[in-house]
């Protein structure tokens, strides 16, 4: 949440929800910093949404092989939050509208776990 | 905005001739073209200079030639380079420069001024044209003469043919030095001789019947060099197809293969003291030459922008792209060029192009670099891509023209490599299509092939072969990646896929390259195809074995909730019909590896054991293929065939490759291939095994239902995910609560665990789950957990090994583990067992001369009641369950003690009460004891103990709690006892789980529920009935999210609950970890009538009512 300007006596009335606005690595890192999660090896994951954003960042930065390893580490450290994040990614990869920034990130996450050759072939128009 | 957009909007301009493919070959002009007027690109000095990049060496050459033409002694300049090195272009530059110094201003004012100082006679001698340099078999005919020799032509051009006419024959000697000097003196003006293609000429004569003439030409060139050197104002500029290169620290002359020996001879005869060797285009000039020849205008501002854009990404991914020095084109002995210097070309484009046009014997350096780049740019402009940079992969092998120009005869083995791995001549993608991102794989493969195919060694990783960083730099292009939603990290992912899917793509010591050796993968795939013609059991066995390894993720020590490796049975194709699934009280998951499974087969497996009916009908779930038979076969059998074939080939690799190095290379390839195909087979297995069948109760009978699951990471996890789908019930549950268990047993067995009257063994309850198809699949542990929860809430007790686990004086006793024989007791039975035990422990015990009086009290809501008094009341078991049990002990040392028949009574207002008061002596006591009470009357007030008296009184008329005392006095001994009298209200508060018409007239005080749907309904009803109430809502979502609302407006509370219910519905796993509690408190009690009862009746909630005593 971003604090609104104005006199101290006035309470901020605007809630700004932070969500990925770009799939660029730098923008995703900025989002993680804003949420206080960070991009280090030891992120501060307080909830499933933190875990989801951290995974979105990793999916862009790491190769699929390394991403798999890192997600398994997250699952070991934060089983509930990481698994919840994976479930959210799976749902969002399906339900978000095409062109949505978060959709493409969630697709990257879910692709790492499920590789459906059939759908790939269809995509490639073979 | 990429290059294409820039060109379309006019920000960047290309030369118009780029669009004309016919002019591609004009990138290789002949010197004679300058004399023709057909193509202005070369014949028009203005147009020519606009497309010419003035390299440092050409600039120096023009200056030196200008000086030589004014000098007292002549000079010889030899342009050395292999084909396409810019020799002819340099000669044309000299021609136009000295012919039209004015136009030279386009390139340099200073140079134009210097050249303008001399006006030489320019003699153009293009030895590839008989019209300019004839030979005896193809003489040049003028009106008066027929010129047959090269020297004849030189004399003719100098206007001194008459002096040499007698020697103009193949049979006569070549003119010697003095004669040639004499000829030069014929002209008063300086003489500039431009001699091109002389190596071709000499070679041509030597290889024909004019061999002797060829020898004489060499002699003539020697004389000519001498003559030029000793004649003022003469300059000879000749091109030679050879160049000096430093190989292993030594300077070595490299000739074009075809002219080996000839170029060096010519170089020798023309090399005099004053001769200067010139390399027209240095490696670092290639960039400028390309830019100038292709682009008419490239604003500098755009070069900076493009560089900054791509460098930003490089800096963000240093682990992939390295450091700034890696991002440049750094030619040997040349200046480094950054992306700004090479724009619109990427530095790697220039590097790769320069490398292969220089190394490929069939290509002509700068000339082919220009030809290829013209095609690349034209293709780019015709296509849809709008790249920021022209990348190595823009040399697109899908383009037949480009492909043929690049994969030439001397590298023809790579045509097959390209067709197999990258793209066929017809434009059909090769093995790159098998990668998850085929376009990216195509770009990587194209770049690596172009970078490596000109090297002779394919067995070992040369340092010049690209590493991951170089590949990333060759492939990453911001605009393309962004458009295709690719990220730099995808490059590594795809390379890893390519290593096993592209037969010729190789990796070792961090380097990647293509090897043309017959790939082991080809053998394997041929063998695999044979195996697939009639797929035998061996392939199904491979799949079955893989499925066994895929039941759980072993590395992660994954365990299913209900199913495990131990209780999962993989039934392979061959075992079909032979395997019998045991009929035992434990869950089992059957994995069917079969292309086509009928419903009837599955039904039989689940509900039958062989021909008989299965006793434990709720123990078998079946997971099987959800795809059509053909897809099953295509997807699974092809990978199984590849794995099987690869394993066979691996064992006999010696037979395929005798060379040890190649064998080890192929062994690695095979290992990657097997691993990759195993991975793909695993993924396909998971993708195919999506149908899950399970038993279900339909009406009064058993049936089988099916659910489609989604592929996850293991067979068990995806089978369980399917069975946990809400649409199945869920059929698999291990997280049920005690109340769920109670509801289920009540519904299905009519067993009332809490309020019933019979004991039930744990084993019986577990068996209900294994035999009743209406039950979910679960574990004994889950049932045990729920039961222990029941003990914690004291709704049930458990008797095991003669011990009661329920409530006790010290708290609740909970067993560590339940035995199958443990008996579950409804709480009333447990309360009775406890009561008997406590009463047995109660009473007077004589210890020495003292009397210990022991009794138990139950404290509830601040009131204590003796157990003896409690057990005569209605529903005393409830009070014992809810209250706190306190052990009391009084020690009486002497005299007497008082004992009341009741320590507490509950009465209605004005009710008559009679209590027996017993006075008992300790040992012997013979004194009178005087009794008195503070309320009511005694039947006897003075007597020697032991004696009994009746204490009687009328209860107060107002409801409330009263305490009265009885006192006994004798000498100095006083004993007291008190009696609690609870005068009940004519109305009492009760809690009920359901409202019905018997509650008509009762006052509703509050409603509470733990279910989100019921909470929402409850709030809606209260809101609709417009009742004056407040709502308290508490919701926990998992561990970290909670919502609390106190004294909320009912409508607002309803809106919140609606939203939260939506969230929980979309995230079932979160719902499992959530807790809801909501209540509505009526500010004024609501008197219930039939309409209100009807409105509230459907709610599953607890209602607090105030009702009148019957």
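The numbered conditions (1) touching a helix residue (DSSP H, G or I) at 6+ places or on another chain (Cβ under 8 Å); (2) in a strand (DSSP E or B) are all true for residue B:918 except (1). Selection over segment B:508-523 of residues that are at pLDDT 90 or above and not in a loop (DSSP other than H, G, I, E, B) gives a count of 4. The residues on offer are B:470, B:446, and the sole one that is in contact (Cβ under 8 Å) with a residue 60 or more places away in the chain, buried (at least 20 other Cβ atoms within 10 Å of the Cβ) and more than 10 Å from chain A (Cβ to nearest Cβ) is B:470.
The requirement of being crowded, with 21+ Cβ neighbours inside 10 Å, touching a residue at least 60 places away in the same chain (Cβ under 8 Å) and not in a loop (DSSP other than H, G, I, E, B) is not satisfied by residue B:104. The residue that is surrounded by the fewest Cβ atoms within 10 Å (Cβ to Cβ), among those in segment B:969-1028 that are free of Cβ contacts under 8 Å to residues at least 12 places away in the same chain and closer than 30 Å to residue B:932 by Cβ, is B:972. The set of residues in segment B:1004-1016 that are in a helix (DSSP H, G or I) and more than 10 Å from residue B:1058 (Cα to Cα) contains only B:1014. For segment B:635-664, the set of residues classified as free of Cβ contacts under 8 Å to residues at least 60 places away in the same chain, in a helix (DSSP H, G or I) and either more than 13 Å from every other protein chain (Cβ to nearest Cβ) or farther than 16 Å from residue B:683 by Cβ (or both) consists of B:647, B:650, B:651, B:654, B:655, B:660, B:663, B:664, listed by residue number. Note on segment B:478-489: residues that are within 9 Å of chain A (Cβ to nearest Cβ) and either buried (at least 22 other Cβ atoms within 10 Å of the Cβ) or assigned to a loop (DSSP other than H, G, I, E, B) (or both) amount to 4. Of the residues making up segment A:42-66, those that are within 10 Å of another protein chain (Cβ to nearest Cβ), part of a helix (DSSP H, G or I) and at pLDDT 90 or above are A:48, A:49, A:50, A:58, A:59, A:60, A:61.
Counting only strands (runs of 3 or more DSSP E) that sit completely within segment B:798-904, those holding 1 or more residues that are without any contact (Cβ under 8 Å) to a residue 40 or more places away in the chain and under 19 Å from residue B:918 (Cβ atoms) correspond to B:843-847, B:850-860, B:863-866, B:884-892.
Considering segment B:1072-1090, the residues that are over 24 Å from residue B:989 (Cα atoms) and surrounded by fewer than 17 Cβ atoms within 10 Å (Cβ to Cβ) include one that is nearest to the other protein chains (Cβ to nearest Cβ), namely B:1073.
Scanning segment B:357-382 for residues that are in contact (Cβ under 8 Å) with a residue 24 or more places away in the chain and either within 35 Å of the chain's Cα centre (by Cα) or under 22 Å from residue B:7 (Cα atoms) (or both) returns B:369, B:370, B:371, B:372, B:373, B:374, B:375, B:376, B:377, B:378, B:380, B:381. Listed by position, the helices (runs of 4 or more DSSP H) contained in segment B:164-282 that have at least 2 residues being exposed (fewer than 14 other Cβ atoms within 10 Å of the Cβ) are B:211-229.
Here residue B:420 meets the list (1) more than 14 Å from chain A (Cβ to nearest Cβ); (2) touching a strand residue (DSSP E or B) at 6+ places or on another chain (Cβ under 8 Å); (3) assigned to a helix (DSSP H, G or I) almost entirely, failing just condition (2). Flag: residue B:505 matches the condition of being within 23 Å of residue A:68 (Cβ to Cβ) and either more than 14 Å from every other protein chain (Cβ to nearest Cβ) or out of contact with any helix residue (DSSP H, G or I) (no Cβ under 8 Å at 6 or more places or on another chain) (or both).
Candidates are the residues of segment B:1062-1071 that are surrounded by 17 or more Cβ atoms within 10 Å (Cβ to Cβ) and touching a residue at least 24 places away in the same chain (Cβ under 8 Å); the one that is farthest from the other protein chains (Cβ to nearest Cβ) is B:1064. Taking helices (runs of 4 or more DSSP H) as the structural unit, those lying wholly within segment B:665-779 and holding at least 3 residues that are more than 14 Å from chain A (Cβ to nearest Cβ) and touching a helix residue (DSSP H, G or I) at 6+ places or on another chain (Cβ under 9 Å) correspond to B:738-749, B:762-771. Screening segment A:67-80 for residues that are surrounded by 20 or more Cβ atoms within 10 Å (Cβ to Cβ) and either in contact with a strand residue (DSSP E or B) (Cβ under 9 Å, 6 or more places away or on another chain) or assigned to a helix (DSSP H, G or I) (or both) and picking the one that is nearest to the other protein chains (Cβ to nearest Cβ) gives A:67.
A residue that is more than 49 Å from the chain's Cα centre (by Cα), more than 14 Å from every other protein chain (Cβ to nearest Cβ), surrounded by 17 or more Cβ atoms within 10 Å (Cβ to Cβ) and not in a helix (DSSP H, G or I) cannot be found anywhere in segment B:1037-1060. Taking the criterion of being in contact with a strand residue (DSSP E or B) (Cβ under 8 Å, 6 or more places away or on another chain), within 29 Å of residue B:697 (Cβ to Cβ) and surrounded by 14 or more Cβ atoms within 10 Å (Cβ to Cβ), would at least one residue in segment B:804-816 satisfy it? Within segment B:804-816 (the criterion being in contact with a strand residue (DSSP E or B) (Cβ under 8 Å, 6 or more places away or on another chain), within 29 Å of residue B:697 (Cβ to Cβ) and surrounded by 14 or more Cβ atoms within 10 Å (Cβ to Cβ)), the answer is no, since none of the residues qualifies. Scanning segment B:594-634 for residues that are within 14 Å of chain A (Cβ to nearest Cβ), touching a residue at least 40 places away in the same chain (Cβ under 8 Å) and not in a helix (DSSP H, G or I) gives B:625, B:626, B:627. When B:437, B:375, B:365, B:384 are checked against the criterion of being farther than 25 Å from residue B:306 by Cα and either surrounded by 23 or more Cβ atoms within 10 Å (Cβ to Cβ) or away from every other protein chain (no Cβ under 14 Å) (or both), a single residue qualifies: B:365. Could you go through segment B:631-647 and let me know if any residue there is more than 30 Å from residue B:434 (Cβ to Cβ) and in contact with a strand residue (DSSP E or B) (Cβ under 8 Å, 6 or more places away or on another chain). So far as segment B:631-647 goes, no, none of its residues is more than 30 Å from residue B:434 (Cβ to Cβ) and in contact with a strand residue (DSSP E or B) (Cβ under 8 Å, 6 or more places away or on another chain). What do you reckon, is residue B:944 without any contact (Cβ under 8 Å) to a residue 24 or more places away in the chain and more than 60 Å from the chain's Cα centre (by Cα)? Yes: the conditions hold for residue B:944. For segment A:86-108, a residue qualifies if it is under 22 Å from residue B:1070 (Cβ atoms) and not in a helix (DSSP H, G or I), and the qualifying residues are A:96, A:100. Would you be able to say whether some residue in segment B:48-55 is modelled with pLDDT under 90, crowded, with 19+ Cβ neighbours inside 10 Å and closer than 20 Å to residue B:267 by Cβ? So far as segment B:48-55 goes, no, none of its residues is modelled with pLDDT under 90, crowded, with 19+ Cβ neighbours inside 10 Å and closer than 20 Å to residue B:267 by Cβ.
The values are calculated or read from the model by the stated rules, or taken from the named source; none is laboratory data. If you're wondering where the values come from, they're calculated on a predicted model, not measured in any experiment. Note: ideal-geometry Cβ built from the backbone for every residue, glycine included; neighbour counts use all protein chains shown.
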